Amino acid sequence: MEKKDEELIQSLFEREPELKRHYDEHVDLERRLAVYQQKVHLTTEEEIEKKRLQKLKLAGKDKIMEILARYRPH
């Protein structure tokens, strides 16, 4: 995410608990995906889990952006 998005997210944590939950989940998913990205070869199970985590991360980011859209000037 862009730096200005990060700043806006941080400023909205108290007002938007759902945003904080999605953001914390997003950070956790990034950390978990980093483990797979460091590996040279993945087993079939690891590849499936990596794809699952990527989908969850993307869905969470969509929700974060949806919440941020309420606070951005149109």
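What follows is calculated from the coordinates using simple rules that are stated; it is not laboratory data. Just so it is clear, the model here is predicted, and its values are computed rather than measured. Neighbour counts run over all protein chains shown; Cβ positions are idealised from the backbone, glycine included.
For the reader, a short list of remarks on this structure follows.
- Straight-line cross-link partners of residue 3 among the aspartates and glutamates, defined as a Cα under 13 Å from its Cα and at least 8 positions apart when in the same chain, are absent.
- Spatially proximal lysines relative to residue 4 (Cα-Cα < 22 Å; intrachain offsets below 8 disregarded): 20, 57, 61, 63
- Other residues within the sphere of radius under 9 Å centred on the Cβ of residue 33, judged by their own Cβ, net out at +3 (K and R +1, D and E -1).
- Rounded to the nearest 10 degrees, the inclination of helix 17-38 to the longest alpha-carbon principal axis of the chain is 30 degrees.
- MRE, 222 nm, helices only [DSSP H, n ≥ 4, -39500 (n - 2.57), over the chain, to nearest 500]: -27000 deg cm²/dmol
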